[in-house]
Amino acid sequence: MTDILTVEGLSKSFGSLAAVRDVSFTLRQGELLALIGPNGAGKTTCFNMLGGQLRPDSGSIRFQGRELAGLKPRQIWRLGIGRTFQITATYPSMSVAENVQMALISHHRRTLSLWARASGLYRDRALELLDMVGMAGQADRLAGILAYGDLKRLELAVALAHGPKVLLMDEPTAGMAPAERLALMALTADIVARQGVSVLFTEHDMDVVFAHADRVMVLNRGELLAAGPVEAVRADPRVQETYLGGGTMYATDGAGGAHA
């Protein structure tokens, strides 16, 4: 597979705290790559540098050969890198379809259109995206009354509205029930397979990671501890020690449960 995103020597400190230290990795086209680690490992800081919310102290972020470090979030979004956040960010007073339409209107640079006219813009495409994430039947419901799992699906549809080549998903299943977590990542994996979108995601649920990631990277105290195929990373003694003090990491049994 072709590398679509290349990160080299990425570092960021806040005062004397080194949040991310000399992190390097590649994301391949059509890949689902997991970034895991304990709380405070530096995962969100890494994501914020990739998305332009933070400027790296040093290092390089190249997307299809173009340097991203130092660009603003909207510039990075325009180039084809989408993002979802730990906390959903939707318009609760708008309908589900209108939330997606707003993303499409922004993508097509029509944000200055009067709302009376804008309400009908790109509705068909919005419905297509909602159908892709299993939300077409709720298109006219207010976003503010959706269940949390449905909000996460809506956020995914919004993130896909500008046709990203890379999607950054920061703890996409946070706050969801176990079955919902697996279902959302199964949906994401299907989108990756059908559309060739590359996904980098952070996650605390190891069942989700082991079930769907093509490769796994482990951050600990800002440094890349291990990286590789799921089975190799799970068996790495350093990863075992970081997560469970030397115990055994668990794998899904296919029914949402876990076993050694």
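A short reminder: the numbers here are calculations on the coordinates, not readings from a lab. In this text the structure is predicted, and so the values were computed from the model without any measurement. Cβ atoms come from the backbone with ideal geometry, glycine included; neighbour counts cover every protein chain shown.
Just a few scattered comments:
- Per-residue ³J(HN,Hα) for the range 5-14, Karplus 6.51 cos²θ - 1.76 cosθ + 1.60, θ = phi - 60°, Hz, x for Gly and Pro: 10, 10, 10, 9, x, 6, 9, 8, 10, 10
- In the range 122-161, the C-alpha radius of gyration followed by the widest Cα-Cα span (Dmax) gives 9.1, 25 angstrom.
- Scanning residues 5 or more positions from L219 or on other chains, those with amide H under 5 Å from its amide H are I36, G37, L225, with H placed 1.01 Å from N in the peptide plane.
- Counted over the chain with a bin width of 5 Å, the fraction of Cα pairs per bin, in whole percents, is 1, 6, 13, 17, 18, 16, 13, 9, 5, 2, 1, 0, 0.
- Low-density loop cleavage sites - GluC sites (Glu not before Pro) in the range 1-67, where at most 11 other Cβ are within 10 Å (DSSP): none
- Annotation: amide H-H contacts under 5 Å for A161 (H modelled 1.01 Å from N, sequence separation of 5 or more, or interchain): none.
- The Cβ shell under 10 Å around Q53 holds other residues with a net charge of +3, Lys and Arg each +1, Asp and Glu each -1.
- Relative contact order of the chain, defined on C-alpha pairs under 8 angstrom at six or more residues apart (%): 24
- In order through the range 68-79: 3J(HN,Hα) via Karplus (6.51 cos²θ - 1.76 cosθ + 1.60), integer Hz, x for Gly, Pro: 9, 4, x, 6, 7, x, 5, 5, 5, 4, 5, 6
- Rounded to whole Å, sorted largest first: equivalent-ellipsoid semi-axes of the range 72-203, Cα gyration tensor: 22, 18, 13
- Proximal charge balance of D205 [Cβ under 12 Å; K/R count +1, D/E count -1]: -3
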